[in-house]
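Here is the structure we will look at, set down as structure tokens.
Taken together, the values in this text are just the output of simple stated rules run on the coordinates, not laboratory data. Only a predicted model underlies this, so the values are computations on that prediction, with no experimental measurement involved. In this analysis, Cβ positions are derived from the backbone assuming ideal geometry, glycine residues included, and neighbour counts consider all displayed protein chains.
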Amino acid sequence: MPVLPRGKVGIYVCIDEKLYREFRDLVRQKHDKFRGALSYEVEEAIRHWVLLHTQNTHKTEMGKFNPEPKVNRVFRQVKEYMIRRFGYIYLGSGSQFPRRHIVEAIAAVRGDDERTINKWMKRFIDAKLIKHIAGEVWEVI
């Protein structure tokens, strides 16, 4: 049995071979020389999945649940649309995408009026959910 780093567990899962190759190739592109990159990206994908499925409520200090802020709920819907429409595997922190993808997603989720699109882009930026990188490239924070 291999020795694992402290606080880590080993898991064995069966996934589609094509999906695994796509994921592995994407990790190699993203991390040129990073030992443990595959493990890191699997952790990030699981973390994103857990957040996606538990993000509907936020627990307060008193232990009661508050509803998810509207901007977060809309951003989650926009990301879900982008994943379905454009085939993103993951849209978590550090993920980059062209502006036209988020514009189309906002139009599909909230309406295609230019003022609506501009409003939601501004709200996502103000809430520190996305940031402009360069040209047409944006990033999830």
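Summary table
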{"item": "Principal axis dimensions, region 8-54 - Cα atoms, whole angstrom, descending", "result": "32, 22, 21"}
{"item": "For the chain, radius of gyration divided by Kirkwood radius, i.e. Rg to Rh on alpha-carbons", "result": "1.02"}
{"item": "Local electrostatic count, residue 16, Cβ distance below 15 Å [Lys/Arg +1, Asp/Glu -1]", "result": "0"}
{"item": "Integer Hz, Karplus 6.51/-1.76/1.60 couplings in order for region 119-131, x for Gly and Pro", "result": "4, 6, 4, 5, 5, 5, 5, 4, 7, 6, 9, 9, 8"}
{"item": "Residue exposure sequence - 53, 132 - by fewest surrounding Cβ within 10 Å", "result": "53, 132"}
